[in-house]
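**Q** This structure is in structure tokens; I'll ask about it shortly.
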Amino acid sequence: MKKSSKVTRFNVWGYIFLIPFFVVFFIFQMIPLVKTIYYSFFERYEDGLIVVGPRFVGLENYATLFSNGDLPKYFANTMIMWVLGFVPQIIVSLLLAAWFSNPSLRLKGQRFFKTVIYLPNLIMASAFAMLFFAMFSDSGPINAMLMQMGILSTPYKYFTHTLSTRLIVALMNFLMWFGNTTILLLSGMLGISTDLFEAAEIDGATGTQIFFKITMPLLKPIFVYVLITSLIGGLQMFDVPQILTNGEGFPDRTSMTLIMYLNKHLFSKNYGMAGALSVILLIITGILSFAVFRMTAKDEVD
Amino acid sequence: MSERKQKTGGIKVRRAICYIVLILISAFCLFWFYILFINATRSNDELGRGFTLVPSTHLVENFNNVFHSSIPVVRGMINSLIVATLTAVLSVYFSTMTAYAIHAYRFKGRKAIFTFILAIMMIPSQVTALGFINLMRDMHLTNSFIPLIIPSIAAPVTFFFMKQYMDSNLPGSLLEAARMDGAGEFMTFNRICLPLMGPAISVQLIFTFVSSWNNYFMPALILDDANKRTLPIQIAMFRSADWLKFDMGQVYAMIAFAIFPVIIVYLILSKNIVGGVTAGGVKE
Amino acid sequence: MRKRTKQILALGVAAAMAFSMAACGSKTADTSDSGAKTDTEKKDDSSSTEEGKVLNIRVWNDEFMTRVVEQYPGYEKTSDTEGKIGDVTVKWSVEPNDDNNYQNKLDAALKAQDSAAADDKVDIFLVEADYALKYVNADANVAMKLSDLGISSSDLSSQYKYTQQVVSDENGDLRGSTWQICPAGLIYNRAIAKEVIGSDDPADVQAAVKDWDSYYALGKKMKEAGYLVQATPYDTYRVYSNNVSNPWVTDGKVTVDPSIKDWAEKAKAEVDDGECSQDTLWGTNEWNAGFYPATDTANIGKGVFCYFGPAWFFNFSMKGDDEKSIAAQGGWGFTAGPQGHFWGGTWICAAVGSDNPTLDADLIKTMTADKDVMTKIATTYSEAVNNSDVIKELAGSDSGNMKILGGQNPYAEFDAAASKINLSSLGIYDQGCNEEFQNAMKEYFAGNKSYDEALDIFGTAIHEKYPSVELAK
């Protein structure tokens, strides 16, 4: 772009066009963020209809969070459920993306398959969770089906076992996200120059070799992007386990995520604890965001 | 010759495997929605008698029960529509404007601002929820749609998508030309930039709409009034209201009510949506 | 369990089945109609004074709504959640009770009461026994004194004492009122009683369950005969928790009463011995299955011997409207059981700051002190009403016979039980404590945790819910 003085005069509009964003950001995100951090240093909750505090307590809320062992537990729950969903998600997505992009396979009906696998991503997570709760309930269709097929003789109580509850959460996360991941990976794969594949084929490389030696390394940036955004999404896991377990995180809170825990404090209006927990979440996501930022923003501006 | 034949034979087998796996996975995706549909057509009594793949005749009755339960679901759907539509429109319009500011102008601090917006992209809304609710209470905005709609004007994700799209589809020379013709800056944005952003805008309208439509966490904390609640909150109420478990047919009908409209809209627009995930670089 | 006051709506359902027995009650219904007219006229006068145009009522189910809609003179229904009384619009706000949700939402609204626009002010809200003290507290001052509303104690002289204990503040002032009593007893399956005990007569059954030792001994006999004595471990919880000697919380410390601990141990023994399932109350499987003749899939052996519940339980929970249920065939009997208890009850309070005090007062008075309306409620919904005169009349008349109980008239039992209930150990944290304690014991019954470990889970949950209290170690 030319740097003529005429153009420079227009450039003040850059600031004007940024006003809505920053006004809204300041009011609805910045002030709340500051307030949240502020509250994290106070004791403030409600006892019946009486408000206790706010009283400055320094880092006491943080100390409580770390000392009572809840935080590591819910962090672990969140991560376990995320991994259980993410591993199959990435494997299936890689496989499907490789097939879709493989020119020698020439798969037909790709539009249809893509449409179908992307579908669960658009479903209201709360309604989806409610659906799964009904499906897997003691007298729900899954048990009924298994019993009719003679696999079970009595209903299996999915929600009284840690593993089955976590697997159901993971299954839902998998279903909701693998289509999205497939399409992202696919676009990455299609972006790889076909010359590379042809050259490799002429050199006599097998399909598997091509995949691991050429596709994977070139796919790394998008792969890491998927990994980290999914990880951040995983940390924010809420709707699915919240509705599925009615906020209880049963059994024995082994499906209680960090945000569900935050929600409990918000609900009982314990602002101090909710604030401290928010700040910790902010720090964790901050670290992860920094990684994403490093990767995606590097060459964005000129 | 024989080697080549073998190779095409191998391809055929592989292709067959691919199709089988794809069909199985698709069936797995659709399975849940099929059961949902079937069960929404069955009475509580029939649901208690085990599972079947054949729809029954109680669909209308179940829906009738949902509409006449103490949870005003039609109102909930209208509320959801209002919130999601306004959110989508405002968010997309202003995000495009923000992206345009960064894309079309060269001003001091531009890089820093761009970096800043990207940096705040990943702050989860849950983290600021406490202060947000508090502020909204102070501003007397609880039980109002404003806290759910207006904040979407500052949507870094949509901004990022728009910026990416502009980089490849909105050449500076075009804007320059408009300027030469004497069009005002605001006019240039509305008349030149927006139409050119058509595909990106429609994709982001859909995504923003869907994520607002599905949002549960924040509305649940902001909306108290029974007539202001959005669908996801009502779903959660169905989940915790035990008395409704006495009629599972009604529960399935409620879920269907929340899910199927989105599926239908999705199927109509699926080309845009699936293509759009990657249209402006990476989504999220 | 957690959701005690499930008296809940049922009543659409109950109304249908009650028609069958309300035939004999129609005579009284007529009289109440004429009484109703005078009431309406009175109200028309009052609406000319300067009062609000919107009456906001907060509830957690449509039980009270159904009664007002169908029984309050002059109420005109305009939609599922709105109606009109004279020129005042009535708005019902329904908020699920679970997990303190109703209270949280109500608290927020009451706190905003001063600044709310007149049409948004809470006028009437309902409370349950578990947390009534929180709202009728004199310092909190969110529920109006009935005396300030112009309702005198003589207006309420026929009410049962315990119903007034629940809504009295520290100074003994009444701040709420209810139309119902919920004395509960043991509801037994007559066919099973005949087979195992040898008789289905309430007196004979009572002899077999007169105290807990006899009850658990019967449990073993039931198991030998292929039955469950109760459907789930939680069925007996309320009986124990109503007979505690201390409140849950004293000076910020939560203590588990010996009676509650006893429940956990006895219930665990039953679970381990296979005398009951591990389902929860309101569960969809075993608990529910006991209301029907046993089937192979139900997992309850040949059937469930008994449930513990009050009058509303018959209609609402036992599926009386489903012709295949035991209730529809009149297969249940009612007796006092090992210990007295009550379950549920909904109290009506007028909110301080309400802009419709006259209408509030009239609504409370009409629904909880008007003998005609209460007789009608009793017969229409086969409900035990908070009026000893009406209950005594029903006890001595055939209109108190219940089809669900094979024609037995339980009203004498109700009267005796309601007069005996003493609620000296109520506290403001009871709902959360009762819910979370039972939630935590799930793990103990399942064998995943020891009692002490389960207790820790309870401690964590209760402190999260009420930051001001802690489990005493």
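**Q** In whole Å, how far is the Cα centre of the stretch A:107-142 from that of the stretch B:77-112?
**A** 31
**Q** Extending each Cα 7 Å along its Cβ direction at C:K324 and C:A446, get the distance between those two points in nm, one decimal.
**A** Placing both labels 7 Å beyond Cα along the Cβ direction yields 2.9 nm.
**Q** In deg cm²/dmol, rounded to 500, what helix-only [θ] at 222 nm does chain C give when every DSSP H run of at least 4 residues adds -39500 (n - 2.57) and the total is split over its residues?
**A** That comes out to -12000 deg cm²/dmol.
**Q** Just to be sure I understand: with springs between alpha-carbon atoms less than 10 Å apart, which residue in B:F260, B:F107, B:F67 has the highest mean-square fluctuation in the Gaussian network model of chain B?
**A** Answer for the Gaussian network model of chain B: B:F107.
**Q** Okay, moving on. Given points 7 Å out from each Cα along the Cα-Cβ axis, report the C:L426 to B:A112 separation in nanometres with one decimal.
**A** Once both label points are built, they end up 6.3 nm from each other.
**Q** Give me, ordered by chain and number, the residues 5 or more places off C:V254 or on other chains with an amide H under 5 Å from its own placed amide H.
**A** Answer set, sorted by chain and number: C:E470, C:L471, C:A472.
**Q** Now, a different point. If we count other beta carbons within 10 Å of each Cβ, what is the order of A:D47, C:D211, C:D355, fewest first?
**A** C:D211, A:D47, C:D355
**Q** Could you list the trypsin sites (Lys or Arg not before Pro) in the stretch A:211-300 that lie in coil according to DSSP, counting only those with at most 10 other Cβ atoms within 10 Å of their Cβ?
**A** Of the trypsin sites (Lys or Arg not before Pro), the ones in loops of the stretch A:211-300 whose Cβ has at most 10 other Cβ atoms within 10 Å are A:K298.
**Q** Related question: Counting only other chains, and only Cβ atoms inside 10 Å, what mean value do you get across the residues of C:382-395?
**A** Mean inter-chain Cβ contacts per residue within 10 Å come to 0.
**Q** Find the centroid of the Cα atoms in the stretch C:208-243 and in the stretch C:356-395, then give the distance between the two in whole Å.
**A** 34
**Q** Restricting the calculation to Cα positions, tell me the Rg (one decimal) and the Dmax (whole number) of chain A in Å.
**A** Every Cα atom of chain A included, Rg and Dmax give 24.6, 83 Å.
**Q** Shifting gears a bit: Have a look at B:I273, B:I123, B:I235 and tell me which one the Gaussian network model of chain B (Cα, springs below 10 Å) gives the largest fluctuation.
**A** Sorting by GNM fluctuation, first place goes to B:I123.
**Q** Using θ = phi - 60° and the Karplus form 6.51 cos²θ - 1.76 cosθ + 1.60, what ³J(HN,Hα) does each residue of the stretch A:242-253 get, whole Hz, x for Gly and Pro?
**A** Those phi angles translate into 4, 6, 4, 9, 6, x, 8, x, 5, x, 6, 6 Hz.
**Q** Something else now. Over 22 Å between Cα atoms, which of A:K35/B:K228; C:K161/C:K371; C:K105/C:K134; C:K134/C:K376; C:K261/C:K473 qualify?
**A** Too far apart for the 22 Å limit: A:K35/B:K228; C:K134/C:K376.
**Q** Let me ask something additional. How long is the gain from C:S468 to C:D201 if the chain were fully straight, where each residue apart is worth 0.36 nm and the alpha carbon distance is subtracted?
**A** Gain in length upon complete extension: 91.2 nm.
**Q** Mean Kyte-Doolittle of at least -0.5 and a Cα length of 20 Å or more along the axis: which whole DSSP H helices of chain C meet both?
**A** Membrane-span-like by this criterion, though nothing is claimed about a membrane: C:451-465.
**Q** If each of C:S115 and C:K210 carries a label point 7 Å out from its Cα toward its Cβ, how far apart are those two points in nm?
**A** Distance between the two pseudo-spin positions: 6.3 nm.
**Q** Tell me, what HN-Hα J-couplings in whole Hz come from the Karplus equation 6.51 cos²θ - 1.76 cosθ + 1.60 at θ = phi - 60° for each residue of the stretch B:114-119, using x for Gly and Pro?
**A** Once rounded to whole Hz, the list reads 4, 4, 4, 4, 5, 5.
**Q** I've got another one for you. Out of residues 5 or more away from C:F305 or on other chains, whose amide H comes under 5 Å of its own, with H placed 1.01 Å from N in the peptide plane?
**A** When sequence neighbours closer than 5 places are left aside, the close amide H contacts are C:L228, C:V229, C:Q230.
**Q** Please compute, for peptide A:268-275, the average count of beta-carbon atoms on other protein chains lying within 10 Å of each residue's beta-carbon.
**A** Partner-chain Cβ atoms within 10 Å, mean over residues of A:268-275: 5.
**Q** Set the Förster distance to 60 Å, then compute FRET efficiency between C:S419 and B:T52 from the Cβ-Cβ distance, nearest 0.05.
**A** Once the sixth-power term is evaluated, E becomes 0.70.
**Q** Further question on the same structure: First measure r as the distance between the Cβ atoms of A:S67 and C:E453, then evaluate 1/(1 + (r/R0)^6) with R0 = 22 Å and state the FRET efficiency to the nearest 0.05.
**A** Taking R0 as 22 Å, the efficiency between A:S67 and C:E453 is 0.70.
**Q** Shifting gears a bit: Return the sequence-ordered ³J(HN,Hα) values of the stretch C:117-129 in whole Hz as given by the Karplus equation 6.51 cos²θ - 1.76 cosθ + 1.60 applied to θ = phi - 60°, using x for Gly and Pro.
**A** Taking θ as phi minus 60°, the curve returns 4, 3, 6, 9, 5, 5, 9, 10, 9, 9, 9, 10, 4 Hz for the stretch C:117-129.
**Q** Moving on. Taking H as built 1.01 Å from N, whose amide H comes closer than 5 Å to the amide H of C:A184, not counting residues under 5 places away?
**A** When sequence neighbours closer than 5 places are left aside, the close amide H contacts are C:H341, C:F342, C:W343.
**Q** A:R106 to A:T206: extension gain in nm, 0.36 nm per residue of separation minus the Cα-Cα distance?
**A** 34.2 nm
Every number in this text was worked out from the coordinates using simple rules, so none of it is lab data. Here the structure is a predicted model, which is why all the values come from computation and not from measurement. In this analysis, Cβ positions are derived from the backbone assuming ideal geometry, glycine residues included, and neighbour counts consider all displayed protein chains.
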